[in-house]
Each structure stands twice: as C-alpha cells, then as structure tokens.
C-alpha cells in the first residue's frame, strides 16, 4: 500500500464527535420547544433573563457546531469512497429523506408543481420553504455537492498543500492560528453579505456562513491529530474567554444603532431607508458599527465551537453501548421532531400551564415520541431510507422480534405489520402537526 493511501485510511473514528452529534441534536429538540413556546411566558423579563440568555447565545453556535460535525463526518466518509460513491451516498442519505419530507411530511404531494418549483428556488424565504425545518438537510446536500471536488483533491493528496497549510495554522504558537483565522474569515463573510438580506434558516448570508463551518469541519479532521492536539492546548484559555464573549455578545445585540445588525438585511429596513434619505450614515452597509458587530458575532460563535470540541475531546472520547444506538437515532428523530412539537405547546398554552413546567413536560414528551417513531421506522425495511436510517434486511434481522424468529414467513408477516405501523405513525405525525398549527 502506498503512503498516500495509508494516510487516507488511517483516520480513527472519534467517539467524542459522535457524542457531540447526539447531544447537540438532543438540545435541538429542547431549543425548538423552548423557542416556539416562549410567547407563553408571562413573568417579569428579569426573572426570565437566564432563559433568554441561554436561548440567544445557543442559537449563535449550535447549528455552526452541527455543520462542523457534518464536515468532520464527510472526512471520515471519504476514507474509502470515490467521489462518485460519495455523491451517490449523499443523494440516498440526504436526498431521499428530503423528498420524503417535502412531498409527504409537509404535504407537497397535494401541490407537487408548487413544491417542486420552490425546491429549486434559491432562498425562497422561511414562509415558502417546502422542506420546513429540513433546510439543514437541504443545505448539507448542496454543500456536499459543491465541495466534492475539493474533498476529492484532499483525499487524493493527504500530504498536499491544503493539508500542510491547515496543519501550519494549527501549529502556530499558543494556538493563535485556530483561534483567529477561522473567525476572521467568518467575519469577512458577515461584513460583505449581511447588510443586504435578513439571514434566516441557512439562507442569504447564512448560506456561505454554514458552508464555511462545514468546510472547516472537513479540514480539521483532514489534519488528523494536529487538530486534537491544538484544541487540547487551548482548552483553558478558550474556557476563560468563551463566557466573556457570550456576555459581550448578549449585551451588545441592540447597542450598535443598526436594526437587525446581527441578523442582517438592515439596508432594506424602513428605518434605515428613512435615515439614508435624511443623509445620516447610521445604517451604512459597511460602517464601523456593522464591522464590529460582525467580528463579535463570529468570534463568539467560533469560540463556543472550540469550547465544546475541546471539552468533548477530553471527556467524551470513549465508547459506550448506547452511542451506536443513539447515533443511529439522531437523523430520524430530527426529521420528525417538529411535527410533534406544536400540539403540546398549544395544549399547555390553552390550559395555562406554567411555562417552565410545560417546557419540561413537553420536551420529555417529544423525546419519548421521536424515539418511538425511530423504533417503529427502523423495523420497516422500506421506511428506513425515508427516515435516513442506513441498512436493509441484514440490519433488521438483528432487531427484536426478528432476531427471535427463524421462520421466513413469520418474519414477512412481522415486517408487514411494522410497515403498517409506520403508515399509522405518518398519519399521526400529520395529525399532531396540523392539530398544533390549528389550535395555536
């Protein structure tokens, strides 16, 4: 085996990355329940300040970290795949659940022409997205295709200029390279693109932002142990500065005099249009305030990513009998969780349940319900690819009750039953989704 081939295949699966993936998607369920029910809070703002702080701070880095993890997963996926195999796998793993979500879970089958047009519309807006919360999968599929030539080049040249450059960044003294270069690049993206359109759910200026995080994740793993050495080195300083940045970011959200300076699109804001016509520069696209906001936002999000990866490397890089199971459950539970979120929010709101008690009970319910959906769909062989679950008959045979029965005819009957259960489950998801929306 030649040296390059050896270097491509010597990547060792990291348990900490898998654990982070599981934890972050679990937090995603809690976050969505919290944010969509937050209007039910009736208490004093000061009393709820910790909740607002956690939600707004988490929103800045949770998706960024997930795109980094997806990029890291791509580096592992490229170990023994050609670029053609990788593209094919991405279309199956991402494309099939995406189409299933659009045309079945979000009722696109009843307006197929409109849904298809919107599917191929660039940045249709959050109200017109045919894929709803599955925009993460949609963007990930596009990123994977766009960056495949680069991924293939790095795979075939593991000691080439790109990897050498990344390693040189990681090896800069005191970890200054990884601390400063990525957030500066992210800041430039914000400076150039944020003024023109409001960034939401991965569209407009957020599209290249998450593309960069995805790319960073791939390059981190491509540099192999250099990345894990440097995040171990910076663990203490990153632990000190990340909370400080979180406080600075939180306190400065509305302090720059520019509407939506963190979300973007202020040049189309009515207040800015009036100020521009009056000859003021408060809403200039490239003002000092806007540039400073971009740097604070980018450094804050990046430091949080380094913080969680650094501590995960120290505490979570160990196997567990639950990790494989939970890692497999991540994708299907993410796909269905939003359909199960709105109805308990609406019901608890109607009966006037305390917000925090409702948040606790609702999150527990959604967690239980998504795991039930996973257990059902993973036992129906034709449903597995719809929910992003790998494997076919050979994997189902390992599961209860298939693993207790040797008779083929009996297993076929059981399979039919679980496919019927899956159909009932889908109808239930529709009922929860429509019921939640209609009541609220």
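Rule-based calculations on the coordinates, nothing more; no lab input. Every value quoted in this text rests on a predicted model; they were computed, and no experiment measured them. Every residue, glycine among them, receives a Cβ derived from its backbone with ideal geometry; neighbour counts consider all protein chains shown.
Over the stretch 78-156, calculate the relative contact order: mean separation of alpha carbon pairs under 8 Å at least 6 apart, over the residue count, as a percent.
With pairs under 8 Å counted, the relative contact order is 42 percent.
Name the shape class, rounded, prolate or oblate, that the alpha-carbon gyration tensor gives for the stretch 309-440, where a ≥ b ≥ c are the square roots of its eigenvalues, rounded holds for a/c under 1.5, and otherwise prolate holds if a/b is larger than b/c and oblate otherwise.
Oblate, because a/c is 1.5 or more while a/b does not exceed b/c.
Hey, in the GNM for the chain with a 10 angstrom Cα cutoff, which one of 334, 174, 15 fluctuates hardest?
174
Test of understanding: ordering 382, 30, 19 by Cβ neighbours within 10 Å, fewest first, what list do you get?
Fewest to most other Cβ atoms nearby, the residues stand as 382, 30, 19.
With n ≥ 4 as the cut-off for DSSP H runs, can you work out [θ] at 222 nm for the chain, using -39500 (n - 2.57) per run divided by the number of residues, rounded to the nearest 500?
Taking each H run of at least 4 residues, the total per residue is -22000 deg cm²/dmol.
Could you tell me whether the chain comes out rounded, prolate or oblate from its Cα gyration tensor? Rule is a ≥ b ≥ c as square roots of the eigenvalues, rounded for a/c under 1.5, then prolate if a/b exceeds b/c, otherwise oblate.
Oblate shape, in that a/c is at least 1.5 and b/c is the bigger or equal ratio.
Quick one: order 135, 304 by neighbouring beta-carbon count within 10 Å, fewest to most.
Fewest to most other Cβ atoms nearby, the residues stand as 135, 304.
Evaluate 2.2 N^0.38 Å with N set to the residue count of the stretch 202-254, then give the Cα radius of gyration divided by it.
Dividing the Cα Rg of the stretch 202-254 by 2.2 N^0.38 Å gives 1.49.
Could you put 410, 148, 74, 333 in order, starting from the residue whose Cβ has the fewest other Cβ atoms within 10 Å?
410, 148, 74, 333
Out of 13, 384, 79, any idea which swings most in a Gaussian network model of the chain, alpha carbons joined below 10 Å?
13
Equivalent-ellipsoid semi-axes (√(5λ), Cα gyration tensor) for the stretch 78-156, whole Å, largest first?
For the stretch 78-156, the ellipsoid semi-axes come out as 28, 13, 9 Å.
May I ask you to compute the full-extension gain from residue 285 to residue 438, defined as 0.36 nm times their residue separation minus their alpha-carbon distance, rounded to one decimal in nm?
Going from the current span to full extension adds 51.0 nm.
Once you keep just the Cα pairs under 8 angstrom separated by 6 or more residues, what percentage relative contact order results for the chain?
It rounds to 23 percent for the chain.
Jot down the radius of gyration and Dmax of the stretch 277-380, Cα atoms only, both in angstrom.
21.7, 65
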